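The values are calculated or read from the model by the stated rules, or taken from the named source; none is laboratory data. Being a predicted model, the structure only gives us computed values, none of them experimental. Using ideal geometry, Cβ is built from the backbone for each residue, glycine included, and neighbour counts are taken over all protein chains shown. Only protein heavy atoms, including side chains, enter the accessible area calculation; ligands, DNA and RNA are left aside. Shrake-Rupley method; radii C 1.70, N 1.55, O 1.52, S 1.80 Å.
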Amino acid sequence: MTSPTTLTSRAALDGGGTAPTGADLGLLVLRLAVGLTMAAHGTQKLFGWFDGGGLDGTGQFFAFLGYPSGSTMALVAGLSETLGGLGLALGLLTPLAGAAVVGTMVNAIVSAHWDDPFIGGFELPLVLGLAAVALTLSGPGRYAVDHVLPLPDRVREHRVTHGLAALALALVVAGITLLIRN
């Protein structure tokens with residue numbers, strides 16, 4: 001027999017039926033805001049859109065920051081921000097999309113903004129990175145592509161362990177990237 005606690009927990013996990021919940025709508029708004037902001041920053045690096053430097057200008061900046069092969073690192077950062085941002089906005093592979101954003105924001109804070117004051121310095125990458133952490137841990141909410149992917153339930157359903165593993169991956173890759181700087 002199923003206990004009332006199990007039914008309540010399952011209903012909460014399923015979003016409580018067909019009516020949208022405030023949490024689902026809130027996660028959608030957060031995903032769109034963070035994801036589209038990150039994607040815009042990524043396209044600045046990749047294509048020079050929105051007054052960005054493109055790969056050449058961003059590559060020179062990355063070389064100035066001490067990264068080896070600045071143009072390659074600009075490509076990696078641009079792709080991480082663009083694809084991670086779009087993934088968050090769509091709710092597509094949310095833990096990995098969040099990890100891509102977190103990794104780039106850790107690098108941005110440490111390499112480009114560490115000595116800046118909080119206001120007018122590293123607060124934007126900090127807030128974007130922490131919002132990506134929150135989405136990686138919470139999952140995308142009901143209105144996400146993740147829920148319609150043709151994958152087994154154990155992979156498609158959000159689990160905190162998936163979020164924690166993605167964040168661990170992000171921090172390891174970000175740390176390695178920071179260690180290879182001159």
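Couple of notes before you dig in:
- Amide hydrogen neighbours beyond the local backbone of Tyr67, cut-off 5 Å, H modeled: Asn182
- Carbon/sulfur fraction of accessible area - the chain, other protein chains in place, 1.4 Å, %: 71 percent
- GNM result for the chain, Cα springs below 10 Å: residue of Thr37, Thr136, Thr82 fluctuating most strongly: Thr37
- The distance linking the stretch 38-68 with the stretch 132-182 is 24 Å (Cα centroid to Cα centroid, whole angstrom).
- As a length-normalised measure over Cα pairs under 8 Å and 6 or more apart, the relative contact order of the chain settles at 23 percent.
- Packing order of peptides 100-111, 62-73, highest average first: 100-111, 62-73 (average count of other Cβ atoms within 10 Å over each peptide's residues).
- Protein heavy-atom accessible surface, 1.4 Å probe, per residue over the chain: 55 Å².
- Set against the labelled values (1) 12.2; (2) 13.2; (3) 11.5, mean projected area of the Cα convex hull in nm² computed from this structure falls on (1).
- Descending by average beta-carbon neighbour count within 10 Å, the peptides 25-35, 144-154 line up as 25-35, 144-154, the highest first.
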